[in-house]
Every structure is written in C-alpha cells, then in structure tokens.
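Okay, so here's the structure we're looking at.
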Amino acid sequence: LMIAAALRASLMEGLCKATGDDRTTQDEAFMVGMFSLLEALFGQALATIIAPLQLAEEISGALLRHEGKLGTLLTLAEEAEQGPSVVGPTLKQTGIGNEIWCRTQIEALRWTLQVGRDK
C-alpha cells in the first residue's frame, strides 16, 4: 500500500507541476496522494483518520469527496490503477494532454521504483 500511495502522490504532484501549479499546490497534491490509502492501511474510515490533523478544506475535500482540482487529480490517479482506457473522460475534463499524462506517469513510476529500491 505504501508503494501504491507513493505512486499516487508522485503522479499527482507531477501533474500539478506539469500544468503550472505552484510549489504549495504540488505539495498538497503529494499529500493527498499519500493520504488517499490510509483507510485501507489502518482499516478505519478516512474521515476518522484525518480529523485530528485539521487539514485545509481543499485537502480534506479532495480526500473525502474528490472535490476541486486535487480531487480530480486523485480520481485520475485512482483511474490509472484500473488501466489506461478508464482515464480518458477525466483527462478531457482536466485538459491534461496525452503527452503530459504519459510523461508524468513515467516520471512517477521512475521515482516510485527508486524509492522502493532505497528501502
């Protein structure tokens, strides 16, 4: 699960960077990706896990309800795990082109593989 979360996080951060978002938004995207699998990891409702953290509404909204840009990027990351044919409608919604999508996925996979080797 940690590797899957790291891949989501890296992909979401990379998409923010590729689409011109600032460093803060990139960091928030990474956090959403990492936190997105906490429910499966701890076997508790995600709302219960993140409540004590008092996260910004944009982050909690993305995690709990897939709201906002970060929520859409989380949807993309989740869809990517189901296969390439699933992401098409969400990619169109975001305006992220195929080249950016593919390049960002490759970079995220490389980073995640490197992190996995370093452990």
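The values are calculated or read from the model by the stated rules, or taken from the named source; none is laboratory data. Values in this document were obtained by computation on a predicted structure and should not be read as measured data. Every residue, glycine as well, gets a Cβ built from its backbone with ideal geometry; the counts of neighbours run over all protein chains shown. Each accessible area value is taken on the protein alone, full model and side chains, heavy atoms only, with ligands, DNA and RNA left out. Shrake-Rupley method; radii C 1.70, N 1.55, O 1.52, S 1.80 Å.
Here are some notes:
- Value of [θ]222 nm, deg cm²/dmol, for the chain, DSSP H segments ≥ 4, -39500 (n - 2.57) each, nearest 500: -23000 deg cm²/dmol
- Inter-site label distance for Phe42 and Ala56 at 7 Å from Cα along Cβ, in nm: 2.1
- Taken along the Cα-to-beta-carbon direction at a fixed 7 Å, the label points for Leu1 and Ile49 span 0.5 nm.
- Placing Leu109, Leu91 in order of accessible area, with the largest value first and a 1.4 Å probe, yields Leu109, Leu91.
- Taking amide H as placed 1.01 Å from N in the peptide plane, the amide H of Glu67 sits under 5 Å from that of Ala62, each at least 5 places away or on another chain.
- Measuring spread by the Cα atoms of segment 1-97 yields a radius of gyration and Dmax of 12.7, 37 Å.
- Remark: relative contact order (segment 54-119) = 15 percent; criterion is Cα-Cα distance under 8 angstrom and separation of 6 or more residues.
- FRET efficiency, Asn98 to Glu67 (Cβ-Cβ, R0 25 Å, nearest 0.05): 0.50
- Ranking Met31, Met2, Met12 by solvent-accessible area of protein heavy atoms (1.4 Å probe, all protein chains present), from largest to smallest, gives Met2, Met31, Met12.
- Whole-number D in µm²/s for segment 71-114 (Stokes-Einstein; Kirkwood sum over Cα pairs; 10 °C, 1.306 mPa s): 148
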